[in-house]
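Below is one structure, written out as structure tokens, with a few remarks after it.
All of the numbers you see were taken from the coordinates with simple rules; none came from a lab. Computed from a prediction, not measured in an experiment: that's the story for all the values here. Every residue, glycine among them, receives a Cβ derived from its backbone with ideal geometry; neighbour counts consider all protein chains shown.
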Amino acid sequence: MRKLFLTFFFGFIMTVNFNAQTQDLDTSDRITIVENMNKYAIGIDTKDYELFRSIFLDDVEVTVIYDPNWRGGEEVKFNGKESWVKYVKETISQYRATQHMLGNPMISFDGEIAIVRTDLQASHYYIKDPEAKTTLWGFYETHMVKDENWKIIKHTLTSIGSE
């Protein structure tokens, strides 16, 4: 009987502790946040810039940190959705196809801002040289806020390698 009570008691405590850590961000919000990251990838890969544009706030802050093998390791910053979308559109125009594979989304929430860290592998197939391909590995750290929908307010792409 004592063993049964202790099993129930510790199970209850663990359940309460887990729920206390996750109650601020429900499952549907988590799914929507991951779907926004999927829209990010699909928007680029299909060159659907309206879909891509739809997930950002107008005043989004974006930082891209390239690895030394990709664009010389430079860091590029953008303020505002339109300048970011314009940059992506111009950059992607040199590729006949891209594929952004996302994985391992980890979401934290402070009561206002959800931060999702998402791993990335992106393959780029060139228009001018059908045999050429570049693959980039990295991760996104994306901050989202919820008004009516979850929108990206800050986004950082960190490239950790490419070939």
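Hey, which of these cross-link pairs are over 23 Å Cα-Cα: Lys89/Lys151; Lys47/Lys81; Lys86/Lys151; Lys39/Lys151; Lys86/Lys128; Lys133/Lys154? Please list the in-between numbers first.
Numbers: Lys89/Lys151 20 Å; Lys47/Lys81 16 Å; Lys86/Lys151 18 Å; Lys39/Lys151 11 Å; Lys86/Lys128 21 Å; Lys133/Lys154 29 Å.
As for pairs spanning more than 23 Å Cα to Cα, those are Lys133/Lys154.
Using label points projected 7 Å from each Cα along Cα→Cβ, tell me how many nm separate Trp137 and Asp110, to one decimal.
3.1
Only helical DSSP H runs with n ≥ 4 go in: add -39500 (n - 2.57) per run for the chain, normalise by residue count and round the 222 nm mean residue ellipticity to 500 deg cm²/dmol. Display every interim value, and only then the final one.
Values: 4 runs with 57 residues, N = 163.
Value at 222 nm, helices only: -11500 deg cm²/dmol.
Please list log₁₀ I(q)/I(0) at q = 0.11, 0.15 Å⁻¹ for the chain, using the Debye equation with identical point scatterers on the alpha-carbon positions.
Debye intensities relative to I(0), on a log10 scale: -0.52, -0.83.
Relative to the present Cα-Cα distance, how much length would full extension add between Thr63 and Lys47 at 0.36 nm per residue of separation? Display every interim value, and only then the final one.
On the way: separation 16, 0.36 × 16 = 5.76 nm, distance 2.06 nm.
Net length gain for the segment: 3.7 nm.
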